[in-house]
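The values are calculated or read from the model by the stated rules, or taken from the named source; none is laboratory data. Just so we're clear, the structure is a prediction, and the values are computed from it rather than from any experiment. For neighbour counting, all protein chains shown are included, and Cβ atoms are generated from backbone atoms with ideal geometry for every residue, glycine included.
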Amino acid sequence: MIELINVSKSFTLHNQGSTVIPVMEGASLNVVPGECVALTGASGAGKSTLMRVIYGNYLAASGQVLVGDLDVAKAEPREILALRRETLGYVSQFLRVVPRVPTLEVVAEPLLAVGCGKQAALDKAAGLLARLNIPERLWTLSPTTFSGGEQQRVNIARGFAHEYPAMLLDEPTASLDAQNRETVLSLIEEAKSRGAAIVGIFHDVEARARVCDREIDVSAFTPGLAA
Amino acid sequence: MTPLLQVKGIEKRYGARIGCMDVSFDLYPGEVMGIVGESGSGKSTLLNCMAGHLEPDAGQVIFDTRADGPVDTVTMSEPERRMLSRTDWAFVHQHARDGLRMSVSAGGNIGERLMAVGDRHYGDIRDRAVDWLGRVEIDASRVDDRPSAFSGGMQQRLQIARNLVTGPRLVFMDEPTGGLDVSVQARLLDLLRGLVREMGLSAIIVTHDLAVVRLLADRLMVMKDGHVVEAGLTDQVLDDPQHAYTQLLVSSVLQV
Amino acid sequence: MNEYNFAYLDEQTKRMIRRAILKGLAVPGYQVPFASREMPMPYGWGTGGVQVSAATLTPDDTFKVIDQGADDTTNAVSIRKFFENTAGVETTEETEKATVIQTRHRIPEAKLREDQIIVYQVPIPEPLRFLEPRETETRKMHSLEEYGLMHVKLYEDISQHGAISTSYAYPVMVSDRYVMDPSPIPKFDNPKLEMDAIQLFGAGREQRIYAVPPHTKVVSLDFEDYPFEATKADHPCDLCGAEDSYLDEVIMDDAGNRMFVCSDTDYCRSRREAGHKGRLAEENAA
């Protein structure tokens, strides 16, 4: 479902003497439906970079980035947008939303975007928010004013609202208490059991052990570290 | 799928000076594209060429019309183009007073496009004007007030209502949030985003505000000295800019 | 008479104006630009109408001038005198006898005939000017038949007054093509614009001539739910008793007593001569 073939990534800093910084070389991996793969490696090894390349947020310099049938590295913007809408979900560490939109609608938005009915979308969003212990009195407020932990949970609810066949999870259990952590882990397990292919970054070792089928050390793709 | 708009090789010169050069792209239904660049980069010239306000020196602006399919709007007759700009197209000006009739009530401003396409029932026109005031979050009691009595943000929302009342498929926006307070901007952006999704609008937004495009635009085109230097997915262009100028532009934004 | 060319204007100027008139008749409702001359009277006193009349009059014509329906106001008298002096044509106050009628703000009550010409004095010929100040834009709107703006004006009327309050210079669509300002006639007169006589409109300051040929379709603009109504004061004339004529309201004293009289003085006089009497006819005669 998610397959990388010999992907490399470098940054060219045009305004600093055109310095070229290679950050990834020869990255290859394959994640099948129902599988959860953890990216490991020291901080700065390129875990987030790899996730961003898969999501199309960073432009791969070479190689193929296949999600389903689409090569993200060469796709048109609208193809990537359709992929993100229908197929590929991404739970980042930070919530980025338009101010003033109520939490319930923030969570329901991915469902509305794929053509789900308004009421069904809001019902599902409400269910997820309740599961993640966001008090109902906050649902009509914008999440921009929430605490960090609350924002993180809203972000997770939003990421799991639509049942994406492929998902990217960036530290989904960070800064969560035991109860909410448990909820998130069961959400991941549910996604796996319905056949989602998942790539994630988990610093939480226990969590990683529980939901991940394999680990891939991205240091292997880091230029200068591989040896 | 047929692109809603196909721009091919647009060029506009002002004497020896280049307005914009060799701009080509396809816009698909429901897509929102941002055009960013500094003052004088040619982004407004390009917008005006596409919207039929300026005649390009070369190139085609092919619009997928409801009746006849894709037609080059540069060479179509002026009456046809003006009809298009009153029905399927909309243009939101930076300064609301350029896009509104300041001596006409809010209801009359919204109703004008309806009357222009032949609506002749006062009651219906007024009902739709009131409905649209609600959709842009202006109290229905203001329907008979003139826009000169409105705040800047309200004027801009009224301009949007006036433009969208005929259900256009393509909206051109020239710095729609320019000159507004930050809090007013946020409300306007949120409103625009909602309307774009609800109505399935395609839009081309010219701005120098990167925050605006990040929130509104799916795609981004970066212009410098009349040329497109970089184009792509909005978040990709902003987070992983490839061109020197885009890197400079992105790094010049103050982080808050 | 030797001091002036016939009807004051020189022949070249009259030819120029006649060409504009013919073009106007050929394109009903279209505003034809013309090189308006300085006339020996101020703008606003009918310089456009006077030039059209001068180009239209022949020595055999009988000329009538009315101002708000009356033959005896300063404006009407001075224009009548002007052509008596410069053209030597016969003048009359009787609508029936006139062959050329110059008017400001009224159409006579008597039905006009095919052998008559009525010349309107027009202050602002552009009906779209109220909402669109740019001449380049209004010309384009006429040429492309973009007349939505005209209804915006009527919309504003209804939204502010509950009804279309435009009561004079009420816009019309001529021959299904051009929106035209019928000059500041009361809207009561609008239905008469479909008539047997030739109608010529002259705007001196704005340098425009336009025309409506006989038997041309002229429709007053309106909304489906607010249809056009030709309204007048709900009264009979207090002098001649006419129920079908446009009335002026006259304040008679400090106590607030009022009377309504025909604005068309010739019509009122001829009815009274035929024996019709209104509410105040006796006292007035006394």
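Just for region C:155-166: of the residues that are within 8 Å of another protein chain (Cβ to nearest Cβ) and not small (Gly, Ala, Ser), which one is farthest from the chain's Cα centre (by Cα)? This residue is C:160. Restricting A:136, A:171 to those that are of a type in the set (D, E, K, R) and touching a residue at least 40 places away in the same chain (Cβ under 8 Å) reduces the list to A:171. One residue stands out among those in region C:189-224 that are farther than 26 Å from residue C:39 by Cβ and touching a Ser or Thr at 6+ places or on another chain (Cβ under 6 Å): the one that is surrounded by the fewest Cβ atoms within 10 Å (Cβ to Cβ), which is C:217.
Within region B:98-116, being facing chain C (nearest Cβ under 7 Å), aliphatic (A, V, I, L, M) and within 21 Å of the chain's Cα centre (by Cα) holds for one residue alone: B:116. Note on region A:186-227: residues that are within 27 Å of residue A:132 (Cβ to Cβ), of a type outside the set (Asp, Glu) and not in a strand (DSSP E or B) total 18. Looking only at region C:164-220, residues that are assigned to a loop (DSSP other than H, G, I, E, B) and of a type in the set (Gly, Ala, Ser) come to 7 in all. Among the residues of region B:98-108, some residue qualifies, meaning at least one is surrounded by fewer than 23 Cβ atoms within 10 Å (Cβ to Cβ), touching a strand residue (DSSP E or B) at 6+ places or on another chain (Cβ under 7 Å) and within 23 Å of residue B:51 (Cα to Cα). The condition of being under 30 Å from residue A:82 (Cα atoms) and out of contact with any Ser or Thr (no Cβ under 6 Å at 6 or more places or on another chain) holds for only one of A:218, A:205, that being A:218. Does residue A:5 satisfy the condition of being closer than 20 Å to residue A:224 by Cα and either more than 14 Å from chain B (Cβ to nearest Cβ) or part of a helix (DSSP H, G or I) (or both)? So residue A:5 passes the test. Within region C:167-188, how many residues turn out to be within 14 Å of chain B (Cβ to nearest Cβ) and either buried (at least 20 other Cβ atoms within 10 Å of the Cβ) or touching a helix residue (DSSP H, G or I) at 6+ places or on another chain (Cβ under 7 Å) (or both)? Summing the residues that are within 14 Å of chain B (Cβ to nearest Cβ) and either buried (at least 20 other Cβ atoms within 10 Å of the Cβ) or touching a helix residue (DSSP H, G or I) at 6+ places or on another chain (Cβ under 7 Å) (or both) in region C:167-188 gives 2.
Considering region B:3-104, the qualifying strands (runs of 3 or more DSSP E), each wholly inside and each with 2 or more residues that are of a type in the set (Val, Ile, Thr) and under 25 Å from residue B:227 (Cα atoms), run over B:5-14, B:17-27, B:32-36, B:58-65.
Taking the residues in region A:89-115 that are touching a residue at least 40 places away in the same chain (Cβ under 8 Å) and either more than 13 Å from chain B (Cβ to nearest Cβ) or over 30 Å from residue A:175 (Cβ atoms) (or both) as candidates, determine which candidate is surrounded by the fewest Cβ atoms within 10 Å (Cβ to Cβ). So the residue we want is A:93. Reported count of residues in region C:133-146, each being crowded, with 19+ Cβ neighbours inside 10 Å and either in contact with a helix residue (DSSP H, G or I) (Cβ under 6 Å, 6 or more places away or on another chain) or facing another protein chain (nearest Cβ under 9 Å) (or both), is 1.
So how many residues does region C:52-94 have that are acidic (Asp, Glu) and closer than 23 Å to residue C:245 by Cα?
Qualifying residue count, region C:52-94: 5.
The number of residues in region A:155-185 that are in a helix (DSSP H, G or I) and under 14 Å from the mean Cα position of the chain (by Cα) comes to 8. Are any of the residues in region A:140-159 under 22 Å from residue B:28 (Cβ atoms) and within 11 Å of chain B (Cβ to nearest Cβ)? No: zero hits. Against the list (1) buried (at least 18 other Cβ atoms within 10 Å of the Cβ); (2) modelled with pLDDT under 95, the condition residue B:66 fails is (1).
Per-residue answers, yes or no, for (1) modelled with pLDDT under 90; (2) under 16 Å from the mean Cα position of the chain (by Cα); (3) among the charged types (D, E, K, R):
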| position | (1), (2), (3) |
| --- | --- |
| B:203 | no, yes, no |
| B:222 | no, no, no |
| B:225 | no, no, yes |
| B:241 | no, no, no |
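Of the residues that sit in region A:8-41 and are more than 19 Å from the chain's Cα centre (by Cα) and not in a strand (DSSP E or B), which one is farthest from the other protein chains (Cβ to nearest Cβ)? Looking at the filtered set, the residue picked out is A:17. Contact map, region C:75-98: residues that are over 12 Å from residue C:41 (Cβ atoms) paired with residues that are part of a helix (DSSP H, G or I), Cβ distance under 6 Å, separation 6+ or inter-chain. Pairs shown: C:89/C:83; C:91/C:80; C:91/C:84; C:93/C:266; C:94/C:266; C:95/C:266.
The single residue among A:157, A:196, A:161, A:191 that is surrounded by 21 or more Cβ atoms within 10 Å (Cβ to Cβ) and without any contact (Cβ under 8 Å) to a residue 40 or more places away in the chain turns out to be A:191. Taking first residues from region B:117-146 that are at the interface with another protein chain (Cβ under 8 Å from one of its Cβ atoms) and farther than 18 Å from residue C:160 by Cα and partners that are at pLDDT below 95 and in a helix (DSSP H, G or I), the Cβ contacts under 8 Å between residues at least 6 apart in sequence or on separate chains come to B:117/B:86; B:117/B:87; B:117/C:148.
The selection criterion, being modelled with pLDDT under 95 and either among the acidic types (Asp, Glu) or in contact with a strand residue (DSSP E or B) (Cβ under 6 Å, 6 or more places away or on another chain) (or both), does not hold for residue C:120.
Consider region B:188-227 and keep the residues that are surrounded by 20 or more Cβ atoms within 10 Å (Cβ to Cβ) and among the basic types (Lys, Arg). The one that is farthest from the other protein chains (Cβ to nearest Cβ) is B:224. Has region B:79-92 got any residue that is over 20 Å from the mean Cα position of the chain (by Cα) and within 14 Å of chain C (Cβ to nearest Cβ)? Within region B:79-92 (the criterion being over 20 Å from the mean Cα position of the chain (by Cα) and within 14 Å of chain C (Cβ to nearest Cβ)), the answer is yes, since at least one residue qualifies.
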